[in-house]
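Each value in this text was obtained by applying a stated rule to the coordinates, not by laboratory testing. Note that the structure is predicted; figures quoted are calculated from it, not measured. In this analysis, Cβ positions are derived from the backbone assuming ideal geometry, glycine residues included, and neighbour counts consider all displayed protein chains.
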DNA sequence: CTTATTTCCTACTAAATTCATAGGAATTAT
DNA sequence: ATAATTCCTATGAATTTAGTAGGAAATAAG
């Protein structure tokens, strides 16, 4: 399986944020209730999304989270690249070069697969996901 | 990452078998030497491939393994479906129904992704992989 | 019939990853 | 001052992955 619970949670929360529109920061409490995601786990995920610049946070009372971009400009690929250690189809295409790279008959296939996956994920924006 | 070492080993061994053509059973010993795969681990993998009907085995002296079909008729999808617990992109599309299935805005994307992955894997036969 | 070779079967294990849980510090509106 | 909220760091249980281990069963060749 490619996508972990963490990634799926992240995606769902981003969609929930997109659904709110521009109505001020949304506190985690509301999101976890709505989406049935463990509070403390989602907290960690939000931190990553903030650090990646996809989400902005406001601390203190009346604080919460906000999208930094319009939903049309944030894709599933953008989000999952933050939460997933790797979206590569196989170790073969993950950074470190395999010593067999030159001779391996399967490498081109892994590359084609990576591209196919990325093409799909890039093609879904939060706006698309919201409207179904 | 989608594909485990097990799956990658399986694929490489199948390609190695395809490269031998119809020259009698190939013993594991040769395959592990050639492909640098741990012997005992590959043994387990071969058993699965045999049970799945992709490979035939001959026990005893001069025994070994053989493809059951011509390389043109065996795809990467056929092989990986045997070795990988699941090729699904997310738990959401793995058998058991998610209670959110009806309302989940992300489900269609996971389905599209699964299809894209399968399309690529179905498109590579052992013959394709052999010839580069 | 004996021996060497080879697959088959079952069990075990170390390391990594995943999915959280826990406690409290820092920040901010009221 | 207080309540609400994010931020930071550590810990832990369960699962998965990638093997390792030992021997039983089958078969060809001498």
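Considering B:121, B:87, B:66, B:113, which residue is at the interface with chain A (Cβ under 10 Å from one of its Cβ atoms), in contact with a strand residue (DSSP E or B) (Cβ under 9 Å, 6 or more places away or on another chain) and not in a helix (DSSP H, G or I)?
The match here is B:87.
Of all the residues that make up the range A:23-50, how many are in contact (Cβ under 8 Å) with a residue 12 or more places away in the chain, in a loop (DSSP other than H, G, I, E, B) and either within 12 Å of DNA strand D (Cβ to nearest atom) or under 23 Å from residue A:70 (Cβ atoms) (or both)?
Final tally of qualifying residues: 3.
Which of (1) in contact (Cβ under 8 Å) with a residue 24 or more places away in the chain; (2) more than 15 Å from DNA strand D (Cβ to nearest atom) is the odd one out, the single condition residue B:16 does not satisfy?
Here residue B:16 meets the rest and fails (1).
Any idea which of B:72, B:30, B:43, B:36 is within 13 Å of chain A (Cβ to nearest Cβ), exposed (fewer than 14 other Cβ atoms within 10 Å of the Cβ) and more than 24 Å from residue A:121 (Cβ to Cβ)?
B:36
Out of all the residues in the range B:3-14, is one or more more than 10 Å from chain A (Cβ to nearest Cβ) and surrounded by fewer than 16 Cβ atoms within 10 Å (Cβ to Cβ)?
No; the residues of the range B:3-14 include none that is more than 10 Å from chain A (Cβ to nearest Cβ) and surrounded by fewer than 16 Cβ atoms within 10 Å (Cβ to Cβ).
Of all residues in the range A:90-109, how many are within 8 Å of another protein chain (Cβ to nearest Cβ) and not in a loop (DSSP other than H, G, I, E, B)?
Here the count works out to 5.
Given the residues A:93, A:83, which is the only one that is touching a residue at least 40 places away in the same chain (Cβ under 8 Å), within 30 Å of residue B:86 (Cα to Cα) and away from DNA strand D (no atom under 13 Å from the Cβ)?
Only one candidate qualifies: A:83.
Could you list, in sequence order, the residues of the range B:55-67 that are more than 6 Å from DNA strand C (Cβ to nearest atom), surrounded by 11 or more Cβ atoms within 10 Å (Cβ to Cβ) and over 13 Å from residue B:22 (Cβ atoms)?
Hits for the range B:55-67 are B:55, B:58.
Could you pull out the residue among B:132, B:53 that is more than 23 Å from residue A:123 (Cα to Cα) and either over 19 Å from the mean Cα position of the chain (by Cα) or more than 9 Å from chain A (Cβ to nearest Cβ) (or both)?
B:53
Give the range A:44-54 a look and list any residue that's out of contact with any helix residue (DSSP H, G or I) (no Cβ under 6 Å at 6 or more places or on another chain), within 14 Å of DNA strand C (Cβ to nearest atom) and more than 20 Å from residue B:105 (Cβ to Cβ), or say none.
A:44, A:47, A:50, listed by residue number.
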